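Notes follow the structure.
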Amino acid sequence: MTVLVTGGAGFIGSHFVKLLLKKNVDVINLDALTYSGNLENLKEVQKNKKYSFVKGNIQDPKTVNRLAKKCSAIVNFAAETHVDKSIADPASFIKTDVIGTHVLLEAARKNDIRMIQISTDEVYGSIPKGSFSESDPLRPTSPYSSSKASADLLTLSYVHSYGLDACITRSSNNYGPNQYPEKIIPLFTTNAIEGKKLPIYGSGKQSRDWIFVTDNCRAVDVVLRKGKKGQIYNIGTGKNVNNLDVTKKILRLLKKDQSLIKHISDRPGHDQRYSINNSKIRKLGWKPTVTFDQGIKTTVDWYQQNEQWWKKIKTGEYLKFYKAHYKKLGL
Ligand code: NAD
Ligand code: DAU
């Protein structure tokens, strides 16, 4: 079996590539190496004979078709993924997350292969209490989540209209080693190590269901092997932690003072709480294995031990967007 993994140089995709290789599956990784793609995430597998890397864009039908011909499945992680960036500049989200997914769906259809579309719990929108199931309506609120919801609908239409063998996974917030330091956990961990302020949007009472990245990758692998055609699978732990509690845990693990916390203006249209019901994926034999206390310790340790990985990122290109972004919000 050869799997075309797109976005395999990013955070979750790189963990997934390593999981497939461990299971002796052949992998072709197609990644455009945008700002969040990083081949250092894959340096331990780059010489593996079962692995090959192609630098290319999922919006390019020629490249995608050439690679899809050699594969029995596509797993699409490639996306623009940061909510704040989507609010500042949505165009690239529509291009990659919608048009890019369409190109992959066409390639899967033409070559009659399976496709797993990696989506997000954000497509359901915010829920004050309780949890969303897979049959709940989509109420995305940001350009990011709307572009992901559009890709979900396109995927389901390909199942319905063409009989494409596709599944969708909707996971909650991932965290772990190799996450680009724009998302809250790596941003706050690296800021705290550097003695910089941790910019909490608004009250900090917003909450997320945090899943350790390898738990999500195991679930995607289960869906790849056992997921039923046309089905959607939520992937989460079923437990929420609010942003202030996440932040305090990071500071405690790093033995840093809580005075580094700074409340700044809120994210526009900030979703207060995400929560998904994971009973459907559990029926396929999956369950989460890493508690938040274990996972956050592993993650904070990794960022402490891998300063060369993130220090390179937090200079140069990175500064352009984030300096302006946080200045506007009052940091
Ligand atoms: P990431 O930003 O770390 O990685 C995205 C990868 O996609 C990068 O390697 C980038 O170079 C590549 N890419 C972007 N545009 C591309 C294009 N046009 N062609 C080819 N490659 C392209 O993102 P991530 O956090 O690893 O997220 C991966 C997937 O999981 C995304 O689809 C995201 O929507 C979804 N997801 C993420 C989370 C999370 O908490 N991080 C949660 C649920 C779902
Ligand atoms: O729910 C899954 C989604 O989780 C994924 O689909 C997205 O790709 C991923 O980016 C993530 O979206 P969030 O917006 O939830 O993640 P982020 O890390 O950006 O923010 C998490 C929470 O922390 C959110 O309530 C906003 C808050 N936050 C974030 C940043 C970056 C802050 O308070 N300050 C910050 O500087």
Practice task
Of the DSSP beta bridges with both residues in the chain, give the percent that are antiparallel, rounding to the nearest 5.
Solution key: 5 percent
Exercise for the section: Note down the relative contact order for the chain as a percent, whole number, built from C-alpha pairs under 8 angstrom at least six residues apart. Expected result: 17 percent
Handout entry: Where only C-alpha atoms are counted, convex hull volume of the chain per residue in Å³
Key = 121 Å³
Fill in the blank from the handout: Ranked by GNM mean-square fluctuation in the chain (Cα springs under 10 Å), the top entry among Asn24, Asn41, Asn234 is Asn24
Handout entry: Gyration tensor (alpha-carbon) shape descriptor, the range 1-76, a/c threshold 1.5
Key = oblate
Problem - Anisotropy class of the range 266-331 from Cα gyration tensor, a/c 1.5 cut - result: oblate
Exercise for the section: Read phi for every residue in the range 75-82 and hand back ³J(HN,Hα) as whole Hz from Karplus 6.51 cos²θ - 1.76 cosθ + 1.60, θ = phi - 60°, with x for Gly and Pro. Expected result: 10, 9, 9, 5, 5, 7, 10, 9
Completion exercise
A chain fully extended from His263 to Ser203 at 0.36 nm per residue, minus the present Cα-Cα distance, gains in nm 20.9 nm
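Please give the FRET efficiency for Ala91 paired with Leu153, using the beta carbon to beta carbon distance and R0 = 22 Å, rounded to the nearest 0.05.
Calculated value: 0.65.
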Practice task
Among the trypsin sites (Lys or Arg not before Pro) in the range 90-162, which ones are in a DSSP loop with at most 14 other Cβ atoms within 10 Å of the Cβ? Mind listing them?
Solution key: Lys129
Completion exercise
Residue span Leu331 to Tyr35: 0.36 nm per residue of separation minus Cα-Cα distance leaves a gain in nm of 104.2 nm
Fill in the blank from the handout: Pseudo-spin-label distance Lys129 to Glu317, built 7 Å along Cα→Cβ, given in nm, is 4.6 nm
Exercise for the section: Report, please, the projected area of the range 51-210 averaged over directions, based on the convex hull of its C-alpha atoms, in nm². Expected result: 11.3 nm²
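Residue separation times 0.36 nm, minus the C-alpha to C-alpha distance between Leu284 and Asp301: what's the value?
Difference between extended and current length: 2.9 nm.
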Exercise for the section: Could you work out the Rg to Rh ratio of the range 17-141, with Rh taken as the Kirkwood radius (inverse of the mean 1/r over all Cα pairs)? Expected result: 1.00
Exercise for the section: Could you list the trypsin sites (Lys or Arg not before Pro) in the range 189-237 that lie in coil according to DSSP, counting only those with at most 12 other Cβ atoms within 10 Å of their Cβ? Expected result: Lys205, Lys228, Lys229
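Values quoted throughout were computed directly from the atomic coordinates according to the rules given, and no laboratory measurement underlies them. Predicted model only: the values in this text are computed from it and were never measured. Here Cβ is always computed from backbone atoms with ideal geometry, including for glycine, and neighbour counts include all displayed protein chains.
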